[in-house]
Amino acid sequence: MSVRRVVPIAMRLSWLVLIALAIGEFVTDLPGPGWATTLLPALVVLALMVATMSLQARAAAPRGEPGPPVEVAPPVTGRWKALNSPADKVPSHGTHAYGQTYAIDIVAEPETAEGEAPGRPGAGPAPRPEAGPVPRPQADPAPRPGAGPVARPAFRLFWPVFRRNRAFPAFGAPLLAVADATVVVASDGQRDHLSRNSLPALAYLMLAEAPVRSIVGAHRIIGNHVILDLGGGTYAVYAHLRRGSLRVRAGDRVRAGQGIGRVGNSGNTTEPHLHFHLMDGPDPDAARGVPFTWRGVGVPANGETFTVVEPEERGGQPTEERAEKQAGRPTEQQAGRPVEGRAAGS
């Protein structure tokens, strides 16, 4: 077993021992003075936790100079904003753990801009006057007044403490395969929790929820997710997906631009968004990050908005539902089958 696998296990065991000591202090009467039975062991465990976290970060750090970025297609369409971008800082999320050295978070910013249509991401750019509107069954329609979010809710200090996921335009936005690939992992059984975009909710996430998720493992940090094998020792991770939204299973072959799922709010998140990164192995606990660049977009910096047009407009393959429509076959919606799968928790 490699060091990169042992270190995360040791860290989780340290957390479990610390929690057990804290519970034992309140529910049992341990013999001897409290400093010897609880305080001293707790300090030892805390020291071990710090050491294992440091080792975990060092074990996952890149070795030598990073290679050239791997170019892939963007995983979304529409208008988005980048957060925690490797264009500004590496490691982008403050740690090399889980192979996320070059990870990026993106949130939907579908406000009306010149040449763009308002509404949920995935609706594509505004149609030109000489062309009729092009339907996109896989994307949510542009909202009518009062029919859905247009702007992303701002962070609030105290109220509302939580928001429902449908208040965020990213929630339910379609996700596309960034390359021809094989699905290695496809997991979407975790619930979509409420947002944590207020000061009290963020404190709860950082002090209570996040440590528990760290103990359980990487799959609780990244939530519902898909991992694609792009070939050449490169794997793509889509994290925080919507519960029940996956359209692929492990072992499936997908093509670039094919719909694979939808944005959700599962795992260690503050609001619905997509976390995306490349890594050099299929296991986030043992992988190292790989730099990427999105074709036609590059790597957007923190706070930078970018717009991605439809796959066929940028010269790629049409999405699965669009291909079915062009071939004269009924789409999932037209056939009466639900596109979303199970209802998302909130």
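Summary of computed values
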{"quantity": "Meets criteria (surrounded by fewer than 22 Cβ atoms within 10 Å (Cβ to Cβ), more than 17 Å from Phe276 (Cα to Cα) and in contact (Cβ under 8 Å) with a residue 40 or more places away in the chain) for Leu202", "calculated": "yes"}
{"quantity": "Output for segment 237-257, where each listed residue is under 15 Å from Ile227 (Cα atoms) and surrounded by fewer than 22 Cβ atoms within 10 Å (Cβ to Cβ)", "calculated": "Val248, Arg249, Ala250, Gly251, Asp252, Arg253, Val254, Arg255, Ala256"}
{"quantity": "Odd one out for Gly316 among (1) modelled with pLDDT of 95 or more; (2) outside any strand (DSSP E or B); (3) closer than 16 Å to Val76 by Cβ; (4) not basic (Lys, Arg)", "calculated": "(1)"}
{"quantity": "Residues (under 15 Å from Gly264 (Cα atoms), touching a residue at least 60 places away in the same chain (Cβ under 8 Å) and small (Gly, Ala, Ser)) located in segment 167-197", "calculated": "Ala170, Gly172, Ala173, Ala186, Ser195"}
{"quantity": "Residues that are under 12 Å from Thr182 (Cβ atoms) and touching a helix residue (DSSP H, G or I) at 6+ places or on another chain (Cβ under 9 Å), drawn from segment 225-251", "calculated": "Tyr235"}
{"quantity": "Considering residues of segment 248-292 that are modelled with pLDDT of 95 or more, within 24 Å of Leu83 (Cβ to Cβ) and of a type in the set (A, V, I, L, M) only, the residue farthest from the chain's Cα centre (by Cα)", "calculated": "Val290"}
{"quantity": "Condition met for Leu176 (farther than 20 Å from Pro74 by Cβ and either open to solvent by less than 30 Å² (accessible area, probe 1.4 Å) or within 14 Å of the chain's Cα centre (by Cα) (or both))", "calculated": "no"}
{"quantity": "Strands (runs of 3 or more DSSP E) (entirely within segment 242-306) containing at least 1 residues that are more than 21 Å from Ala218 (Cβ to Cβ) and either touching a residue at least 12 places away in the same chain (Cβ under 8 Å) or among the small types (Gly, Ala, Ser) (or both)", "calculated": "259-262, 292-294"}
{"quantity": "Selection from segment 220-234 of residues that are on the phi > 0 side of the Ramachandran plot and surrounded by fewer than 24 Cβ atoms within 10 Å (Cβ to Cβ)", "calculated": "Gly231, Gly232, Gly233"}
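Matching residues to (1) assigned to a helix (DSSP H, G or I); (2) of a type in the set (Val, Ile, Thr):
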site: Val185; (1), (2): no, yes
site: Arg191; (1), (2): no, no
site: Arg196; (1), (2): no, no
site: Pro200; (1), (2): yes, no
site: Ala203; (1), (2): yes, no
site: Ala208; (1), (2): yes, no
site: Pro211; (1), (2): yes, no
site: Ser214; (1), (2): yes, no
site: Arg220; (1), (2): yes, no
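The values are calculated or read from the model by the stated rules, or taken from the named source; none is laboratory data. Predicted model only: the values in this text are computed from it and were never measured. In this analysis, Cβ positions are derived from the backbone assuming ideal geometry, glycine residues included, and neighbour counts consider all displayed protein chains. Heads up: the accessible areas ignore ligands, DNA and RNA and are worked out on the full protein's heavy atoms, side chains in. Shrake-Rupley method; radii C 1.70, N 1.55, O 1.52, S 1.80 Å.
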